[in-house]
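Student: Dumping the structure here so I can ask a few things about it.
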Amino acid sequence: MTFELPKLPYATNALEPVVDTETMELHHGKHHAAYVTNLNKALESHPTFSALKIEELLSKLGEVPEAVRGAVRNNGGGHANHSMFWEIMTPNKSTKPSSEVAAAIDASFGSMDEFKAKFNDAGLKQFGSGWVFVTKNSKSGNLEISSRPNQDTPLMEGVSPIMGNDVWEHAYYVKHRNRRADYLAAWWEVVNWDAVSARFALN
C-alpha cells in the first residue's frame, strides 16, 4: 500500500481571508505532498510497515528500522498531522461544538474563551516549527493542550488528537509574516466544530 495525498474538502480559496489561497496551494499541494512522497520512498523496502494505516504506523515508530525511522517520523507525522488539519477546517462559519465537547471544554478549562487563550498561548510559545494539539485524557476524561516540535504528534504515544493547529511558518507566513499570534487568533474563524466533535466522540 502507498500513502496518498488526501483531497481538500473545500476549494483552495474557501478559507479566505483567514487562510489565503497561496498558502493553501503551497501548504497542501507542495508541503503535504512532499511528506507523502518521502514517506512512501522511505518505506519502499519495508512492505510490512507500508501496509499499516498511518495512525498505527506512528504508534509503532519504535519498531521501524532505524535507518528509515527518522524519515518515517518526520514525513509520517507530517502526513497524519496535515490530514487531520484539512479535515478540521471549514468555510462554514455556523459549526458549533457538540454539547459533549462544550461540556468537556468548560470542565477542563472553565470556558471557551479560556480554552482558546490557553491553546493560542501554547501555540505561540512553541519554539520554532511545530504543532499545538488537544487530546482527551483516557483516565480523567479531561481535555489537555500540548505542543510538539516539528511534525511530532500524540499518535506517536498511541493517542489520537481531537484537534490541532500547525504553527510552522509555512502555515501562515505569506499572509501574517512573523505575526504568529494574529494567525492563531484568526484561525478559530475556520475551525470545523462538526469534525472536531466527531473526533472527540471517537476518543
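The values are calculated or read from the model by the stated rules, or taken from the named source; none is laboratory data. If you're wondering where the values come from, they're calculated on a predicted model, not measured in any experiment. Counting neighbours? That spans all protein chains shown, and the Cβs are built from the backbone with ideal geometry, glycine included.
Student: Of all residues in the stretch 90-108, which are surrounded by 11 or more Cβ atoms within 10 Å (Cβ to Cβ), among the charged types (D, E, K, R) and out of contact with any Phe, Trp or Tyr (no Cβ under 8 Å at 6 or more places or on another chain)?
Tutor: Result: D106, single match.
Student: Here's something else I'd like to know. Does K116 satisfy the criteria of being assigned to a helix (DSSP H, G or I) and either touching a residue at least 12 places away in the same chain (Cβ under 8 Å) or in the same structural domain as V190 (by TED's automatic domain parsing) (or both)?
Tutor: Here the answer is yes, as K116 does meet what is asked.
Student: While we're on this one: Report those helices (runs of 4 or more DSSP H) wholly inside the stretch 164-203 carrying at least 2 residues which are outside the structural domain of D121 (by TED's automatic domain parsing) and among the polar types (S, T, N, Q).
Tutor: none
Student: If S146 meets every condition in (1) buried (at least 19 other Cβ atoms within 10 Å of the Cβ); (2) within 30 Å of R69 (Cβ to Cβ); (3) among the small types (G, A, S) apart from one, which number is that one?
Tutor: Among (1) buried (at least 19 other Cβ atoms within 10 Å of the Cβ); (2) within 30 Å of R69 (Cβ to Cβ); (3) among the small types (G, A, S), S146 violates only (1).
Student: Could I ask something else about it? For the stretch 62-84, name all the residues that are surrounded by fewer than 18 Cβ atoms within 10 Å (Cβ to Cβ), within 16 Å of R148 (Cα to Cα) and either not assigned by TED's automatic domain parsing to the domain that holds K41 or not small (G, A, S) (or both).
Tutor: N74, the sole residue that qualifies.
Student: Can you find a residue that is over 20 Å from E16 (Cα atoms) and either surrounded by 21 or more Cβ atoms within 10 Å (Cβ to Cβ) or not aromatic (F, W, Y) (or both) anywhere in the stretch 162-175?
Tutor: Among the residues of the stretch 162-175, at least one is over 20 Å from E16 (Cα atoms) and either surrounded by 21 or more Cβ atoms within 10 Å (Cβ to Cβ) or not aromatic (F, W, Y) (or both), which makes the answer yes.
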